[in-house]
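To start, the structure under review is shown below, and the notes come after it.
The values are calculated or read from the model by the stated rules, or taken from the named source; none is laboratory data. From a predicted model like this one, the values you see are computed outputs, not experimental measurements. Cβ coordinates were reconstructed from backbone atoms using ideal geometry, including for glycine residues, and neighbour counts include every protein chain displayed.
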Amino acid sequence: MSSRRSRITGKEINELASKLRSLLPESRRRNMSRVSASKLLKETCSYIKSLHREVDDLSSRLSDLMSTMETDSPQAEIIRSILGS
Amino acid sequence: MDSENSACGNPNPNPTLGPSKLMLAFRFLRALSLVHRTTPASSRTCRGRRIERAAYASMAYSAGTGRGWSRAVLRRLHHRARRRAVAPRRLSTTAGNRAEALRQLVPGGAGMDYCTLLEETADYIKCLSMQVELMQGIVDSSSSYGP
């Protein structure tokens with residue numbers, strides 16, 4: 001960790017930190033009211049990782065949905081109308 | 001250029017307004033449609049990966065080029081440098097290596113100063129969760145018509 005003084009003020013860090021805190025979903029925010037910046041950063045990293053995993057998981061599920069789509073099912077018709085294909 | 005990238009259209013002309021959910025949905029669904037038409041049914045994993053790339057592509061296009069993270073995502077997608085080990089990173093010298101873990105998670109984070117990194121993180125999280133919400137919505141609406 002750098003020992004050089006950064007040019008941003010402590011106030012700005014606090015503002016950014018509370019902004020980050022407000023981005024965490026309620027379930028993760030519970031114990032975050034008076035935590036250090038480093039704890040907040042860790043929680044933020046954990047949250048981003050979980051979002052990445054969700055994108056990965058949902059991509060697989062969408063792929064599965066595509067493969068089970070039969071051409072004549074009402075479900076396929078609805079999806080086709082949404083996709084405009 | 002990847003077909004799913006070109007399906008996403010031109011970058012958002014109004015990045016300051018933030019991506020609209022409708023534009024995001026439109027781009028993503030268009031890309032999904034393309035993936036469906038052009039991927040053989042047999043390659044399930046390949047299609048899953050293409051859908052994932054379409055997700056990040058439409059996310060980044062919707063955010064526009066005014067954001068460091070979206071530019072980084074688009075660069076990465078256009079170069080398709082997946083096989084390469086982690087690309088050489090330019091570490092910021094003014095803020096040191098603070099928040100190293102976060103820099104690895106936010107696209108383009110390695111070269112940013114600390115302040116910018118936190119702002120980019122906030123925007124990235126907002127867009128990511130919007131994309132997840134969108135994909136979950138598509139899955140839910142497709143599933144509710146099932147047997």
Of all the residues that make up the stretch B:114-144, how many are more than 7 Å from every other protein chain (Cβ to nearest Cβ), touching a Lys or Arg at 6+ places or on another chain (Cβ under 9 Å) and closer than 18 Å to B:E52 by Cβ? 5
Assess whether A:R30 counts as being modelled with pLDDT of 85 or more and basic (K, R). no
Name the residue that is nearest to the chain's Cα centre (by Cα), counting only residues in the stretch A:9-40 that are free of Cβ contacts under 8 Å to residues at least 12 places away in the same chain and facing another protein chain (nearest Cβ under 9 Å). A:S22
Mind checking which residues of the stretch B:36-49 are out of contact with any Leu (no Cβ under 9 Å at 6 or more places or on another chain) and either more than 12 Å from chain A (Cβ to nearest Cβ) or modelled with pLDDT of 90 or more (or both)? B:R49
So which of B:A81, B:A72, B:A63, B:A99 ends up being crowded, with 20+ Cβ neighbours inside 10 Å, modelled with pLDDT under 90 and among the hydrophobic types (A, V, I, L, M, F, W, C)? B:A99
For the stretch A:38-57, state whether one or more residues are modelled with pLDDT under 80 and exposed (fewer than 15 other Cβ atoms within 10 Å of the Cβ). yes
Going through the stretch B:103-113 one residue at a time, which ones are surrounded by fewer than 22 Cβ atoms within 10 Å (Cβ to Cβ) and at the interface with another protein chain (Cβ under 9 Å from one of its Cβ atoms)? B:Q104, B:L105, B:D113
